[in-house]
Every structure is written in structure tokens, then in C-alpha cells.
1. Here is a list: 83, 13, 50. Which entry is open to solvent by 10 Å² or more (accessible area, probe 1.4 Å) and not in a helix (DSSP H, G or I)?
2. Considering only region 86-143, state which residues are open to solvent by 20 Å² or more (accessible area, probe 1.4 Å) and within 16 Å of ligand 1 (Cβ to nearest atom).
3. Got a sec? Which of 96, 6 is at pLDDT below 95 and outside any helix (DSSP H, G or I)?
4. Count, please, the residues in region 148-193 that happen to be closer than 21 Å to residue 238 by Cα and either open to solvent by 20 Å² or more (accessible area, probe 1.4 Å) or basic (Lys, Arg) (or both).
5. Considering only residues that are under 18 Å from residue 93 (Cα atoms) and hydroxyl-bearing (Ser, Thr, Tyr), which ones fall in region 53-75?
6. Being near ligand 1 (Cβ under 10 Å from one of its atoms), touching a residue at least 40 places away in the same chain (Cβ under 8 Å) and over 15 Å from the mean Cα position of the chain (by Cα): is that true of residue 57 here?
7. Considering region 202-234 alone, what residues qualify as being open to solvent by 80 Å² or more (accessible area, probe 1.4 Å) and within 27 Å of residue 172 (Cα to Cα)?
Amino acid sequence: MINKLNEEESKIILFAGSKGGCGCSFMTYCVSTYFARETTKNILLLDLNIGKRDSRLIFNLADDSCRDLGDIEEVINEMDDSILKRLVVNLGSSLNLILPPIKIEKNKIFRKEYFEKLLDILKEHFDIICVDFPYYLFTQDKFRLKDMVDKYIFISLPDFISVNNLNVLARSIISDEFSYDFDIAINKFNTRPAVSLTGINTILSYPVNAFIPYDRDIEFLMLNKGPDSIFNYNLRIVNNISAFSKKIYEDLSK
Ligand SMILES: Nc1ncnc2c1ncn2[C@@H]1O[C@H](COP(=O)(O)OP(=O)(O)OP(=O)(O)O)[C@@H](O)[C@H]1O
Ligand SMILES: [Mg+2]
């Protein structure tokens, strides 16, 4: 058990990927699950991928009975604790999930005023909020992200194009390295064709904080049993994810 998160204030961690399918959701699910297992903090996984079923499938909520961010449109002007409480899906233990709308037109929550209110209310109830943040939302320029996010996690595959795009992504958000807390993870680093570590370091202007291997059995396990199950295995991928999650937690505790 690690339990040091000094400040009273809750923390927002934003996960973003340099390319579709790079493992952004995978990492968000794993890290938030690790926090729920290894700390006594109240954890929220906020999935902002409108129109995507990923989290419903991975957490076995596929029957559509759960509410999502699209369901509060009628009452969005009166958004308060009680409305948001009804949105939160408890996944057992201290892990909670807010689902994205499946209908892409139900996107009112992404308007600046609503989105900021949403985060403000959520911060009252959760110690750590892990946001699965699709790349296109960066282009909306609506959110004062810098004021809201405590830590950014950038995820990339190890191929040449992804690493180049990762550099662009990080650069566009991190205007100066000293006033931002961010980590970079290279996912599926053992897949080919890959850029060598030297190559990655030449392209990237920032250091890499974690290398996560691809593991076929873990992909299968995630799909069938969910992220909690992977932590029962003593595999390299699990150890790397645990170590990275621990580092993120310790950084937030500083
Ligand atoms: N290191 C890994 N080992 C095994 N499977 C992985 C790993 N990383 C990701 N996966 C699997 O690869 C697939 C794609 O990953 P994921 O959906 O997380 O990518 P994404 O960046 O969120 O994609 P999208 O752009 O659709 O949001 C998923 O099935 C996921 O479980
Ligand atoms: Mg995703």
C-alpha cells in the first residue's frame, strides 16, 4: 500500500496518445486500476471518448443500462452533486467510471462552461481523476487545461511516425518544461518495426519515463476479465505498468 498524497486537493491526470490505437485507453485503465488497488484513495476514470464503446466493453458494462455524459443534457444547466452521483459507475473497490456518450451529437458537456463545472464538482468527490483524453479535444482550445491538469501522460508506439507525432503533441502542450508535470511512455516497444532507443532519443525532445512491452496474453485478459485481473500475474508488462503507476503517484505526492 502506498498512501502519501500530501495535498488535500484532488489531482487530475490527463492521458493522451500520439496516434489512434497506441494504448492510451489501455494505460488509463491500467494506471487507474493500480491506484484503486494499491492506495486508499477514491479514484475516478473519466472516459471522454465520445462515440466509443471501449470502456463499456473492457469493464463489462455492455448492456447499455448505465448512464453516461450524454444523459445529463436536459439538466446540464443545473449540474450538481446529485446529478453527477447518478452518473458514476462504481466498479467495485475504490475505482469509479464515468462513461462517454455513445451518440456523438450528445456532446454539450464539452462546452467550456459545462466541462469546467463538471471537473470542479468531480474534484470535490474524488482524490485522483484519470482522464482518457482523445487527441481531437486538444484542438478545441476551450479548456484551460494548464490550470486544471496536474499531470500529463503522453503515450506513443515506438514507430518512426508515432514518435515524431509524440514530439509534436508534447511540444504543443508543454510550453516550458519546468511549469508542467508530464511523463512519456512508449507502449508496445518490443513490436517491430521499431525505432531504436537512440533513434527515439534523437527524435524526442523529452526523456522517456516508461517502456511498456506488448503482451498478447495481457491483451486477451484485458478484453475478457478487465484490467484488475492483469495485476495477478508476475509478468514484465505488469511489473512495468506497476512501476510506472507508482512513479506517477509519487510525483503527485510531491
Ligand atoms: N502493452 C499492451 N499489451 C497488450 N495489449 C495492449 C497493450 N497496449 C494496448 N493494448 C491493446 O491494444 C488495443 C489498442 O489499445 P487502446 O484501445 O488502448 O488504444 P487507444 O490509443 O486508446 O486507441 P483509440 O485511438 O481508439 O482511443 C486494445 O485492445 C488494448 O487492450
Ligand atoms: Mg482509446
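The values are calculated or read from the model by the stated rules, or taken from the named source; none is laboratory data. Since the model is a prediction, treat every value here as computed from it, not as a measurement. Please note: Cβ atoms are built from the backbone with ideal geometry, for glycine as well, and neighbour counts cover all protein chains shown. Please note that ligands, DNA and RNA were not included when accessible areas were found on the heavy atoms of the full protein model with its side chains. Shrake-Rupley method; radii C 1.70, N 1.55, O 1.52, S 1.80 Å.
1. 50
2. 102, 104, 135, 136, 138, 139
3. 6
4. So the answer is 6.
5. If the condition is that a residue be under 18 Å from residue 93 (Cα atoms) and hydroxyl-bearing (Ser, Thr, Tyr), then 55 is the only one that fits.
6. Against the criterion (near ligand 1 (Cβ under 10 Å from one of its atoms), touching a residue at least 40 places away in the same chain (Cβ under 8 Å) and over 15 Å from the mean Cα position of the chain (by Cα)), residue 57 qualifies.
7. Of everything in region 202-234, those that are open to solvent by 80 Å² or more (accessible area, probe 1.4 Å) and within 27 Å of residue 172 (Cα to Cα) turn out to be 202, 207.
Listed here are the residues, each with its yes/no results for (1) closer than 29 Å to residue 183 by Cβ; (2) without any contact (Cβ under 8 Å) to a residue 60 or more places away in the chain; (3) of a type in the set (A, V, I, L, M, F, W, C).
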| residue | (1), (2), (3) |
| --- | --- |
| 79 | no, yes, yes |
| 83 | no, yes, yes |
| 116 | yes, yes, no |
| 120 | yes, yes, no |
| 125 | yes, no, no |
| 148 | yes, no, yes |
| 152 | yes, no, no |
